[in-house]
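So the structure is just underneath, and the comments pick up after that.
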Amino acid sequence: MKCPYCGFNDSKVVDSRLNETSGVTRRRRECLECGKRFTTFEKVEEIPLTVIKKNGEREPFSRTKLLEGILRALVKRQVDREKAEQIVDDIEGSLRNEFQHEVTSKELGDRVLKVLKEIDKVAYIRFASVYKEFKDLEEFTQELEKLI
Ligand SMILES: [Zn+2]
């Protein structure tokens, strides 16, 4: 890391702090030549994951969107936000491991449903009703009956 004051090419790290939320590490460095201190920010480059929708459109995978969908399904259920975030982490992790760059929205939705089915049946039905776009009450009832 080049010193912004004298241009010397070597410095030592005197303090290092990771911001858990943003994933950014802030480093305080000291120039080995002039002794002045400066700050650098470091972040791991994320490999983009693309979601292919039913109509063939592509959009970047959004953690926020997935989390919001899950939280909507969990409204007034006995599952807290932390658990919901953990579900998102698990799903994102498994998708990145198995698919690397692209995943269909069906695969993504199916994974959420699988997890919700295990932890909360009501949330499962809510998510399914949005995701599977039940066409009528009958279809919805069928899905309910499968669960009961
Ligand atoms: Zn310097």
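Between 91, 70, which is away from the ligand (no atom under 16 Å from the Cβ), without any contact (Cβ under 8 Å) to a residue 40 or more places away in the chain and under 19 Å from residue 124 (Cβ atoms)?
It is 91.
Hey, among the residues in the stretch 1-20 that are among the hydrophobic types (A, V, I, L, M, F, W, C) and in a loop (DSSP other than H, G, I, E, B), which one's nearest to residue 40 (Cα to Cα)?
Once the filter is applied, the top-ranked residue is 1.
Among the residues of the stretch 21-39, which ones are closer than 30 Å to residue 64 by Cβ and in a strand (DSSP E or B)?
Selection gives 24, 25, 26, 27, 39.
Evaluate the stretch 95-103: report whether one residue or more is free of Cβ contacts under 8 Å to residues at least 24 places away in the same chain and not acidic (Asp, Glu).
yes
If a residue must be away from the ligand (no atom under 14 Å from the Cβ) and out of contact with any strand residue (DSSP E or B) (no Cβ under 6 Å at 6 or more places or on another chain), how many such residues does the stretch 1-38 contain?
Of the residues in that region, 5 qualify.
Take the residues of the stretch 19-51 that are within 30 Å of residue 108 (Cα to Cα) and touching an Asp or Glu at 6+ places or on another chain (Cβ under 9 Å): which is surrounded by the fewest Cβ atoms within 10 Å (Cβ to Cβ)?
23
Computed from the coordinates by the stated procedures, all read-outs in this text should not be read as laboratory data. Remember, predicted model here, so these are calculated numbers, not experimental data. Virtual Cβ from ideal backbone geometry, glycine too; neighbours counted across all protein chains shown.
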